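Chemist: Below you will find the structure I want to go over with you.
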Amino acid sequence: MKRIVVIYESRYGSTRRYAEWIAEALSCSFYEKDIFKPEDFTNYDVVIYGGGLYAGGVSGIKLLTKNWELLRDREVILFTCGLADPEDPDNTAHIRKSLSKVLSPEMFEHLHLFHLRGGIDYDKLSFVHKSMMAMLRKSLARKDRDSLREEDRQLLDTYGSCVDFTSKESIQPIVQCALSL
Ligand SMILES: Cc1cc2nc3c(=O)[nH]c(=O)nc-3n(C[C@H](O)[C@H](O)[C@H](O)COP(=O)(O)O)c2cc1C
């Protein structure tokens, strides 16, 4: 029986929800990144890490990059959670490109990578995040709507409201991957 752990960092709860669902499906423990001690990686055969996407970066990814010596001999699954639809290959290509700037080729090769869709509730955003989204909206609103990508049109249409794309079924490929390792 493989020893599996799920670790996550989540600002507004979507990644946490996925971490909880995955841990429940695999009957394993899950930890918030800041309470997980890296030396405990050695207690597991499979490490699943999930982080929310913020301006292209994966929240808390340093836990993996800084502790690669402990992780290189274990199976590592990384899942991202963002607003952009991961069914659109342009979106996943963009995430992968950003990841390639923080992960070494060895890390990239070793990881099993998955992308899940979160949501956003503008009322709950921090001041800084609200301002960042307002700037993004402003720059998109200046452009010709027909020239925008579907993602960006959707962002303009839902700006200021609450949208939630989390779906329990979407964890299945991650669960199957963890069980097959
Ligand atoms: C300031 C800001 C930047 C964001 N940047 C991205 C992004 O680059 N790509 C993306 O898909 N989603 C982006 N999002 C949406 C979040 O990834 C989404 O809300 C996700 O569900 C957050 O997960 P969490 O609540 O677990 O932190 C951004 C949200 C905010 C507030």
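The values are calculated or read from the model by the stated rules, or taken from the named source; none is laboratory data. Please read these numbers as outputs of a predicted model, since none were measured by experiment. Cβ coordinates were reconstructed from backbone atoms using ideal geometry, including for glycine residues, and neighbour counts include every protein chain displayed. We work out accessible area using only protein heavy atoms, side chains counted, and drop any ligands, DNA or RNA first. Shrake-Rupley method; radii C 1.70, N 1.55, O 1.52, S 1.80 Å.
Chemist: Return only the number of the condition from (1) assigned to a loop (DSSP other than H, G, I, E, B); (2) open to solvent by 60 Å² or more (accessible area, probe 1.4 Å); (3) modelled with pLDDT under 95 that Arg11 does not satisfy.
Modeler: Evaluating Arg11 over (1) assigned to a loop (DSSP other than H, G, I, E, B); (2) open to solvent by 60 Å² or more (accessible area, probe 1.4 Å); (3) modelled with pLDDT under 95 leaves (3) as the failure.
Chemist: Can you find a residue in the stretch 13-29 that is over 14 Å from Val175 (Cα atoms), within 16 Å of the ligand (Cβ to nearest atom) and of a type in the set (A, V, I, L, M)?
Modeler: No: the stretch 13-29 contains no residue that is over 14 Å from Val175 (Cα atoms), within 16 Å of the ligand (Cβ to nearest atom) and of a type in the set (A, V, I, L, M).
Residues checked against (1) at pLDDT 95 or above; (2) under 19 Å from the mean Cα position of the chain (by Cα):
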| site | (1), (2) |
| --- | --- |
| His115 | yes, yes |
| Leu125 | yes, yes |
| Arg137 | yes, no |
| Arg145 | no, no |
| Leu148 | no, no |
| Arg153 | no, no |
| Asp164 | yes, yes |
| Ser167 | yes, yes |
| Ser180 | yes, no |
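Chemist: To continue, here is another question. I need the full set of residues from the stretch 41-52 which are surrounded by 22 or more Cβ atoms within 10 Å (Cβ to Cβ) and among the aliphatic types (A, V, I, L, M), in order please.
Modeler: Residues of the stretch 41-52 that are surrounded by 22 or more Cβ atoms within 10 Å (Cβ to Cβ), as a first pass: 47-52.
Once the filter is applied, which keeps residues that are surrounded by 22 or more Cβ atoms within 10 Å (Cβ to Cβ) and among the aliphatic types (A, V, I, L, M), the stretch 41-52 yields Val47, Ile48.
Chemist: List the helices (runs of 4 or more DSSP H) inside the stretch 85-181, counting only whole elements, that have at least 3 residues being in contact (Cβ under 8 Å) with a residue 40 or more places away in the chain and away from the ligand (no atom under 12 Å from the Cβ). Give the steps one after another, and end with the answer.
Modeler: Values: elements: 89-102, 105-110, 127-141, 150-158, 172-180.
Answer list for the stretch 85-181: 172-180.
Chemist: Would you tally the residues in the stretch 53-106 being more than 16 Å from the chain's Cα centre (by Cα) and buried (at least 19 other Cβ atoms within 10 Å of the Cβ)?
Modeler: 2
Chemist: Can you name every residue in the stretch 65-84 that is within 16 Å of the ligand (Cβ to nearest atom) and either closer than 19 Å to Leu155 by Cα or without any contact (Cβ under 8 Å) to a residue 60 or more places away in the chain (or both)? It would help to see each step written out before you state the result.
Modeler: Step one: list which residues in the stretch 65-84 are within 16 Å of the ligand (Cβ to nearest atom), which gives 78-84.
Leu78, Thr80, Cys81, Gly82, Leu83, Ala84 - these are the residues of the stretch 65-84 that are within 16 Å of the ligand (Cβ to nearest atom) and either closer than 19 Å to Leu155 by Cα or without any contact (Cβ under 8 Å) to a residue 60 or more places away in the chain (or both).
Chemist: What's the number of the condition Arg3 fails, among (1) out of contact with any Lys or Arg (no Cβ under 9 Å at 6 or more places or on another chain); (2) over 27 Å from Ile120 (Cα atoms); (3) open to solvent by less than 20 Å² (accessible area, probe 1.4 Å); (4) touching a residue at least 40 places away in the same chain (Cβ under 8 Å)?
Modeler: (3)
Chemist: Please specify each residue of the stretch 35-68 satisfying the condition of being of a type in the set (A, V, I, L, M, F, W, C) and not in a helix (DSSP H, G or I). Can you show your working first?
Modeler: In the first step, residues of the stretch 35-68 are kept if they are of a type in the set (A, V, I, L, M, F, W, C); the result is 35-36, 41, 46-48, 53, 55, 58, 61, 63-64, 68.
Passing the criteria: Phe36, Val46, Val47, Ile48, Leu53, Ala55, Val58, Ile61.
Chemist: Among the candidates Leu116, Leu103, Leu156, Leu140, which residue alone is of a type in the set (A, V, I, L, M) and closer than 20 Å to Tyr12 by Cα?
Modeler: Numbers: Leu103 fails: closer than 20 Å to Tyr12 by Cα; Leu156 fails: closer than 20 Å to Tyr12 by Cα; Leu140 fails: closer than 20 Å to Tyr12 by Cα.
Answer to the check: Leu116.
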